[in-house]
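Visitor: Before I ask anything, let me first share the structure, which is written out below as structure tokens.
The values are calculated or read from the model by the stated rules, or taken from the named source; none is laboratory data. Note that the coordinates shown come from a computational prediction; the quantities given were computed from them, not determined experimentally. For neighbour counting, all protein chains shown are included, and Cβ atoms are generated from backbone atoms with ideal geometry for every residue, glycine included. These accessible areas exclude ligands, DNA and RNA; they are computed on the full protein's heavy atoms, side chains included. Shrake-Rupley method; radii C 1.70, N 1.55, O 1.52, S 1.80 Å.
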Amino acid sequence: MVNIPLEEGKKYILRIKDIGESGEGIGKIEGFTIFVRGGIPEDKVLIEITKVKKNYALGQIVEIKEKSPYRIDPACPLAHECGGCQIQNIDYTKQLELKKNRVSSDIERIGKLENVLVHDTLGMDNPFNYRNKAQFPVGIGGGKTLIGFYKQGTHEIVSIDECKIQHGINDKIVEIFKEIIDKNKIPVYDEKTGRGIIRHILTRVSYTSGDIMVVIITKGKELPFKDEIVSKLTQGIPKIKSIIQNINPKKTNVVMGRECKTLHGEDKIIDYIGDLKFEISPLSFFQVNPFQTKILYDKVLEYAKLTGNETLVDIYCGIGTISLFLAKQAKKVYGIEVIEAAIEDAKKNARLNNLNNVEFFLGKAEEVAPKLYKKGLRADVVVVDPPRKGCDREVLETIAMMNPKRVVYVSCKPSTLARDLKILDELGYKTIEVQPVDMFPHTAHVECCSLLTRKE
Ligand code: SAH
């Protein structure tokens, strides 16, 4: 039995030492872990225990007794309310250090691997205005239109005038919508009753081509004052290349529906990663931080160490961005992905870039990869970029059987990465180095690129 040194409702003094996966502060009393929202490393806080579980407790700050030297005033006045950023109140250099530490400690604790070189996190020179995609819920409060983000863990809308992590043009788009909806009293969607018209505003901006897409998500086909919306947007923001209405009739948390109607201009915009060209439509998946994506993919390319003769397999390939990024320097690339629309985009993007040495397969990696192996596919290099839950064991075993010299593992969750690196180690692949890349400054997300080589 673990000795629980705390009681619910009682107050304790605690030194915060780390942050958790959602950005919450973590401290310990007699070795027992306590999660404290809003606490940041080196804060000394008086907390009240709100919940005690078997292996951890939750605490709430009553008073900050000593402020951490890393505590800063967030650039955004709504940072503590809005669920978008979790750690804007931590100095950016410290954010990068915390992310690196998380990776190192997960690799030691979960991966049980020694001598793995974890590099300093590659951060942004200017860690603001980096997101190329924004999704704003639309609602009403106090008789005014609210457009913004959800408050952390709720569906309450925090109305915003300026978001520091989105492309700056979004502030203007939001302002135009607030004006038009208020003036014309266009009914906004009510999640509780399922009534109303406008549900969300979604924007996509290309930092490379300058193109802007605005998507208005409505409950039904009806969109009053359509012409006024289009003319105000295009007059106010000439770089808008595409305005689309997306219809989502369902009572669901999923933002977009299947049906799209182009109200103005093109049905897609163009974006680039390096010199690769991509067509982005409202429903396409695309990396949201284009600056750091390039840095991440350059790292993948470096670790893959291609000479032009390699057969490469890219598992969990999405719209094929990594596959295509590497295809120019490989003999042949095979991509595997479970979402049909993504595979369609991947094929289209290959054609758009005149890359003929890439083949994409639709299906679950854990089913498709073993099938391809049985048909005789072997690889010189395998790249994997799984979702947060990491790779299926089946996938890891198939990778080892394909017998590549190198495996490049791109991960968005250090704990599952560490678990999988351990399995790959047992299967004959040694983790040499791990490079954390800060894809999402001011959030607790940690992205990594790892290099593994076959043990001889
Ligand atoms: N490599 C891509 C996308 C990686 S995100 C890029 O850099 O843009 C992870 C991808 O894995 C998503 O596209 C998701 O649809 C896909 N995925 C999730 N589970 C999967 C499975 N079991 N088999 C194949 N693909 C899967």
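Visitor: Kindly indicate which of Gly20, Gly25 is within 13 Å of Leu98 (Cβ to Cβ), touching a residue at least 60 places away in the same chain (Cβ under 8 Å) and open to solvent by less than 10 Å² (accessible area, probe 1.4 Å).
Guide: Details: Gly25 fails: touching a residue at least 60 places away in the same chain (Cβ under 8 Å).
Criteria check complete, one pass: Gly20.
Visitor: Check the stretch 363-385 and report whether any residue there is touching a residue at least 24 places away in the same chain (Cβ under 8 Å), open to solvent by 40 Å² or more (accessible area, probe 1.4 Å) and aliphatic (A, V, I, L, M).
Guide: No, there is no match, as no residue in the stretch 363-385 is touching a residue at least 24 places away in the same chain (Cβ under 8 Å), open to solvent by 40 Å² or more (accessible area, probe 1.4 Å) and aliphatic (A, V, I, L, M).
Visitor: Let me ask something else. Tell me, please, whether a residue that is of a type in the set (Gly, Ala, Ser), crowded, with 19+ Cβ neighbours inside 10 Å and in a loop (DSSP other than H, G, I, E, B) can be found in the stretch 196-204.
Guide: If we filter the stretch 196-204 for residues that are of a type in the set (Gly, Ala, Ser), which is where we start, we get 196.
Pick out the ones that are also crowded, with 19+ Cβ neighbours inside 10 Å and you get none.
Taking every residue of the stretch 196-204 in turn, none turns out to be of a type in the set (Gly, Ala, Ser), crowded, with 19+ Cβ neighbours inside 10 Å and in a loop (DSSP other than H, G, I, E, B).
Visitor: While we're on this one: Please go through the stretch 306-325 and give me each residue that is small (Gly, Ala, Ser) and near the ligand (Cβ under 7 Å from one of its atoms), ordered by number. I'd like the intermediate steps shown before the answer.
Guide: Residues of the stretch 306-325 small (Gly, Ala, Ser): 308, 318, 320, 323.
Across the stretch 306-325, the qualifying residue is only Gly318.
Visitor: Say we look at the stretch 77-93 and pick out the residues that are more than 14 Å from Gly39 (Cα to Cα) and crowded, with 19+ Cβ neighbours inside 10 Å; which of these is farthest from the chain's Cα centre (by Cα)?
Guide: Leu78
Visitor: Hey, any hits in the stretch 401-408 for a residue that's of a type outside the set (A, V, I, L, M, F, W, C) and either at pLDDT below 95 or under 24 Å from the mean Cα position of the chain (by Cα) (or both)?
Guide: Start the filter on the stretch 401-408 by keeping residues that are of a type outside the set (A, V, I, L, M, F, W, C), which leaves 403-406.
Adding the requirement that they be either at pLDDT below 95 or under 24 Å from the mean Cα position of the chain (by Cα) (or both) leaves none.
For the stretch 401-408, residues of a type outside the set (A, V, I, L, M, F, W, C) and either at pLDDT below 95 or under 24 Å from the mean Cα position of the chain (by Cα) (or both): absent.
Visitor: Given the criterion of a type in the set (A, V, I, L, M, F, W, C) and within 16 Å of the ligand (Cβ to nearest atom), identify the matching residue among Phe278, Phe225.
Guide: Phe278
Visitor: Cβ-Cβ under 7 Å, sequence separation 6+ or interchain: first residue in the stretch 314-327 and in contact (Cβ under 8 Å) with a residue 60 or more places away in the chain, partner near the ligand (Cβ under 7 Å from one of its atoms) and part of a helix (DSSP H, G or I). Which pairs?
Guide: Filtered contacts from the stretch 314-327: Asp314/Ile322; Ile315/Ala365; Tyr316/Ala365; Gly318/Ala342.
Visitor: Mind checking which residues of the stretch 337-395 are near the ligand (Cβ under 10 Å from one of its atoms), over 22 Å from the mean Cα position of the chain (by Cα), over 23 Å from Cys448 (Cβ atoms) and in a helix (DSSP H, G or I)?
Guide: Glu367, Val368 - these are the residues of the stretch 337-395 that are near the ligand (Cβ under 10 Å from one of its atoms), over 22 Å from the mean Cα position of the chain (by Cα), over 23 Å from Cys448 (Cβ atoms) and in a helix (DSSP H, G or I).
Visitor: What are the pairs with Cβ atoms under 9 angstrom where one residue, in the stretch 157-178, is more than 15 Å from Met213 (Cβ to Cβ) and not assigned by TED's automatic domain parsing to the domain that holds Lys144 and the other, located anywhere, is assigned to a strand (DSSP E or B) and open to solvent by 10 Å² or more (accessible area, probe 1.4 Å)? Sequence gap at least six, or different chains.
Guide: none
Visitor: Kindly evaluate Ile217 against the criterion of being buried (at least 17 other Cβ atoms within 10 Å of the Cβ) and assigned to a strand (DSSP E or B).
Guide: Working: buried (at least 17 other Cβ atoms within 10 Å of the Cβ): yes; assigned to a strand (DSSP E or B): yes.
Yes, satisfied.
Visitor: So which residues in the stretch 283-305 are of a type in the set (Val, Ile, Thr), more than 28 Å from Tyr373 (Cα to Cα) and either open to solvent by less than 10 Å² (accessible area, probe 1.4 Å) or within 12 Å of the ligand (Cβ to nearest atom) (or both), if there are any at all?
Guide: Val288, Thr293
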